[in-house]
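Undergrad: Got a structure for you, written out below as structure tokens; questions coming shortly.
What follows is calculated from the coordinates using simple rules that are stated; it is not laboratory data. Source: prediction; values computed, not measured. When we count neighbours, we look across all protein chains shown, and the Cβ atoms used for this are built from the backbone with ideal geometry, even at glycine.
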Amino acid sequence: KKFEVVARYAYVERLEDNTLAKSLASGLGLVSVNGGTNNAIEDNLKEYTVGLNYYFYGHNLKLVVDYSYLVREFIPVPGSTVSVDDQNDNRYRAMVQFYF
């Protein structure tokens, strides 16, 4: 086959039932959010990817093109009155792989 349609979903939970104390004790600490003006606790990361591979000569020469929608979710620091927005990113990638 020359073409291959690909899809992927990934989920990473930083710490189970993450709290401020758990985040600080683990070494993860706090992350800057809202353009670096506030701090928050990182909760989880999600990745949704769809793509297309084209094989010129099997895995020896192939083209990979994909799109990913990335979601990074946060928990507000307890006692904070600032709302924390999730970070949503779009990633486009094109890659040529060759083996000789």
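Undergrad: Just grab the label-to-label distance for D89 and N34, each label 7 Å out from Cα along the Cβ direction, in nm (one decimal).
TA: 2.1 nm
Undergrad: Same structure, new question: Once the Cβ-Cβ distance between V82 and H59 is put in as r, and R0 is 41 Å, what FRET efficiency do you end up with, to the nearest 0.05?
TA: 0.25
Undergrad: I need to check one value: relative contact order of the stretch 3-98, counting alpha carbon pairs closer than 8 Å and at least 6 residues apart, in percent.
TA: 28 percent
Undergrad: For the stretch 4-26 and the stretch 30-88, write down the distance between their C-alpha centroids in whole Å.
TA: 11 Å
Undergrad: Which chymotrypsin sites (Phe, Trp or Tyr not before Pro) in the stretch 1-72 pass both tests, a DSSP loop state and at most 16 other beta-carbon atoms within 10 Å?
TA: F56
Undergrad: Excluding L15 itself, what net charge comes from residues whose Cβ is under 15 Å from its Cβ, given Lys and Arg +1 and Asp and Glu -1?
TA: My count for the surroundings of L15 gives -3.
Undergrad: Only one of the listed values, (1) 16.0; (2) 14.7; (3) 16.7, was derived from the coordinates as Kirkwood radius over Cα pairs in Å; which label is it?
TA: The listed entry that was calculated here is (1).
Undergrad: The stretch 1-83: which trypsin sites (Lys or Arg not before Pro) are DSSP loop and have at most 16 other beta-carbon atoms within 10 angstrom?
TA: Of the trypsin sites (Lys or Arg not before Pro), the ones in loops of the stretch 1-83 whose Cβ has at most 16 other Cβ atoms within 10 Å are K1, K2.
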